[in-house]
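The values are calculated or read from the model by the stated rules, or taken from the named source; none is laboratory data. This structure is a prediction, so every number in the text was calculated from the model and none was measured. Virtual Cβ from ideal backbone geometry, glycine too; neighbours counted across all protein chains shown. Remember, those area values only see protein heavy atoms, side chains included, never the ligands or the DNA or RNA. Shrake-Rupley method; radii C 1.70, N 1.55, O 1.52, S 1.80 Å.
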Amino acid sequence: DQQVKQNSPSLSVQEGRISILNCDYTNSMFDYFLWYKKYPAEGPTFLISISSIKDKNEDGRFTVFLNKSAKHLSLHIVPSQPGDSAVYFCAAAIQGAQKLVFGQGTRLTINP
Amino acid sequence: NAGVTQTPKFRILKIGQSMTLQCTQDMNHNYMYWYRQDPGMGLKLIYYSVGAGITDKGEVPNGYNVSRSTTEDFPLRLELAAPSQTSVYFCASSDRRGEAFFGQGTRLTVV
């Protein structure tokens, strides 16, 4: 039972353009969502988060959008840079709980 | 500030052997976690701890054990290694909800 799904295993974007990574969830008890970035041979690093009371959160080039009715969130990266090439994981936490449920990840490649 | 440190980075085990994956953090975080990542898959929670002396099972705890005697350390024990435990293991810690810091991972192969 995959509660958090990233249906695109990979995405290729030209440098300078917008990258949009998508994530769907099934559990309506999730109330906190995060994006992590992972380079090869390294652990994931926290990128940005959003609470279910918001529908948007921005941090520099990164913006996360949350559509609760559709149970969908997305990460926008503008403009995309070569250093953004990595695997991106979407994660969610249930209300009152600390542990995270992760999606399968999307490999983003930024082409020069 | 070292963050979260895992040892070893790589290990090959024979079927039936046991080993302990070490994890230590120097950020005084209460929450610590062990995840495994299989190829093409997300991270699956094995065990977690909300403080010294308190541990609980995650999604995939079978074949593993943990202990948390101090705030800093959260070792993961594999008993009777099986090929299905071939994976990359990540330890993480947090003091705020969800925003966890991860170690560099341990790549384990069981042959």
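What number comes out for the charge environment of residue B:67, summing +1 per Lys or Arg and -1 per Asp or Glu over other residues with Cβ under 14 Å away? Don't skip to the end; give the middle numbers.
Working: positive: B:57, B:68, B:77; negative: B:56, B:72, B:73, B:79.
Around residue B:67, the charge tally is -1.
Peptides A:43-51, A:6-14, B:86-94 ranked from most to least packed give B:86-94, A:43-51, A:6-14, packing being the mean of other C-beta atoms within 10 angstrom over each peptide's residues. Of all beta bridges DSSP finds with both residues in the protein assembly as shown, what is the antiparallel percent, to the nearest 5? Once the DSSP bridges in the protein assembly as shown are tallied, antiparallel ones form about 90 percent. For A:30, A:65, the ranking by accessible surface with the largest value first comes to A:65, A:30, using a 1.4 Å probe.
For the stretch A:1-79, the solvent-accessible area with a 1.4 angstrom probe is 53 square angstrom per residue.
Taking a straight line from the alpha carbon of residue A:5, these lysines sit under 20 Å away, with near neighbours fewer than eight places off in the same chain left out: A:37, A:38, A:56, A:68, A:71, A:99, B:44.
Interface burial in the stretch B:29-45, defined as at least 50 Å² less accessible area with all protein chains than with the chain alone at a 1.4 Å probe, covers B:43. Per atom type, chain B shows carbon and sulfur on 51% of its accessible surface, probed at 1.4 Å.
Scanning chain B for trypsin sites (Lys or Arg not before Pro) in DSSP loops with at most 14 other Cβ atoms within 10 Å, what's the longest stretch left with none?
B:15-95
Note that the stretch B:54-111 presents 47 Å² accessible area per residue, ligands and nucleic acids not counted, probe 1.4 Å. Contact-buried residues of the stretch A:35-57, at a threshold of 50 Å² lost accessible area versus the chain by itself: A:44 (1.4 Å probe; DNA, RNA and ligands ignored). Once you reduce the stretch B:1-27 and the stretch B:74-93 to the center of their Cα atoms, the two points are 8 Å from each other.
For trypsin sites (Lys or Arg not before Pro), the sites in the stretch A:6-65 that DSSP calls loop and that have at most 16 other Cβ atoms within 10 Å are A:17, A:54, A:61. Pairing chain A with chain B buries about 1800 Å² of accessible area. This figure sums both sides and uses a 1.4 Å probe.
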